[in-house]
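Since the structure comes first, as C-alpha cells, the remarks are kept for the end.
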Amino acid sequence: MSKKVAIVTGAASGIGLAAAEALASEGAQVVMADINAEAVEREAARIGGLPFRADLSTREGCRGLVDFAIEQCGTVSILVNNAGIQHVAPIEEFPEEKWNLIINLMLTAPFLLTKYVWPELQKNKWGRVININSVHGLRASPFKAAYISAKHGLTGLTKTAALEGGEYGITVNSICPAYVRTPLVDGQLADQAKTHNISETEVIEQIMLKKAAVKRLIEPAEIGTLVKYLCSDAAACMSGTCLTIDCGWTAC
C-alpha cells in the first residue's frame, strides 16, 4: 500500500485510530480526520499521518476533508468511514437535535465522502471504501433509534455503492462489530445504567455481552486488522459484504 492514500474519519481514538495505524503500518499515507484537533494532531504526529480537523456533520466539513486530501496527496485510494456518536434514550424522549446530528454524521457524511472521493477512485481504476458499521446495522436494540437507523442505512449504502463500483475496480464493504473497547462505548455506560436503572458493570454484563457467545469486548486493533485485509489484494473480490466481528451475537 506504499502508493495508496487513505482517509480515515474519527481517527483520533478507538476504531478509527486502529484503522489508521493498520494502514500506516503497510505504508499508506493516511489523512486522519477528527473533530478533536488536539488529539488528531497528536496521533497523526505519532504514526506519520496528516491531521485534519473536520465537523463531518456538515457538507462543508466533508467537502473540505476530501479537498485537503487531494491537495496534499494528489489523490485518494481508500476511504474508511468511521466517525460516530451515540445517544441512548426512549423514542418519546429522544431529542430531535440528537437524531439530526447522528443521521448527518453517521449516514449522510459517509454518503457525501463516498460521493466526493468516487471520481478519484474511478480515475485510478482502484478503490476501497470501508464503512465501519455495527452489529446494529443488522439487528436492533431498544433506546438507540437514531444510531440503529443510521447503521441500517449504512448497510444499504454499502450494497448500493458496491454494485456501482465493481466495473471500476472499486470495492465497498462494511464491518459490523459488536461492542468494541472504545471511548464511544465507555460513554454509553452511564446513559445505559440510567436508562435501565442498573450499575455500569451490570450494563457490560447484562446488556453489552448478553447476546455474545464470546463474553468480552472487542479490541480496536482487531477491527484495524480487518480494515487492512479488506484493502489487500486478497480481498479484491469481496464487495457489498457486511462482515460481522460480533463474538457470535448474530449466530442465533
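For the range 1-95, the Kirkwood estimate of hydrodynamic radius, built from reciprocal distances between every pair of different alpha carbons, is 13.5 Å. With a Förster radius of 45 Å applied to the C-beta separation of residue 115 and residue 196, the computed FRET efficiency comes to 0.70. Is the C-alpha gyration tensor of the range 87-181 telling us rounded, prolate or oblate? Criteria: a/c under 1.5 is rounded; beyond that, a/b larger than b/c is prolate, otherwise oblate. In terms of gyration-tensor shape, prolate.
The loop-placed trypsin sites (Lys or Arg not before Pro) in the range 70-138, going by DSSP, that have at most 10 neighbouring Cβ atoms within 10 Å of their Cβ come out as 125. Taking every C-alpha pair closer than 8 Å and separated by at least 6 residues, the mean separation divided by the residue count of the range 28-103 gives a relative contact order of 21 percent. Which FRET efficiency value, to the nearest 0.05, do you get for residue 252 and residue 47 by plugging their Cβ-Cβ distance into 1/(1 + (r/R0)^6) with R0 = 51 Å? FRET efficiency, residue 252 to residue 47: 0.85.
Taking amide H as placed 1.01 Å from N in the peptide plane, the amide H of residue 180 sits under 5 Å from that of 218, each at least 5 places away or on another chain.
Derived scalar couplings between HN and Hα for the range 85-90 equal 9, 9, 8, 10, 6, x Hz in order, rounded to whole Hz, by the Karplus curve 6.51 cos²θ - 1.76 cosθ + 1.60 (θ = phi - 60°), x for Gly and Pro. Ranked for footprinting exposure by Cβ neighbours inside 10 Å, fewest first, 55, 233 give 233, 55.
In the range 167-252, Cα pairs under 8 Å separated by at least six residues give a relative contact order of 51 percent. Of the trypsin sites (Lys or Arg not before Pro) found in the range 1-83, those that fall in a DSSP loop while having at most 12 other beta-carbon atoms within 10 Å are 3. Taking 0.36 nm per residue of sequence separation and removing the Cα-Cα distance, the residue 214/residue 186 pair yields an extension gain of 8.2 nm. Taking other C-beta atoms within 10 angstrom as a stand-in for reagent exposure, 52, 111 fall in the order 111, 52, fewest first. Percent relative contact order of the chain, based on C-alpha pairs within less than 8 angstrom and at least six residues apart? It comes to 20 percent, rounded to a whole number. Cβ crowding within 10 Å ranks 88, 129 as 88, 129, fewest other Cβ atoms first.
We did not get these values from a lab; they are worked out from the coordinates using the rules stated. Here the structure is a predicted model, which means the values were calculated and not measured. FYI the Cβ positions are ideal-geometry reconstructions off the backbone, even for glycines, and counts take in every protein chain you see.
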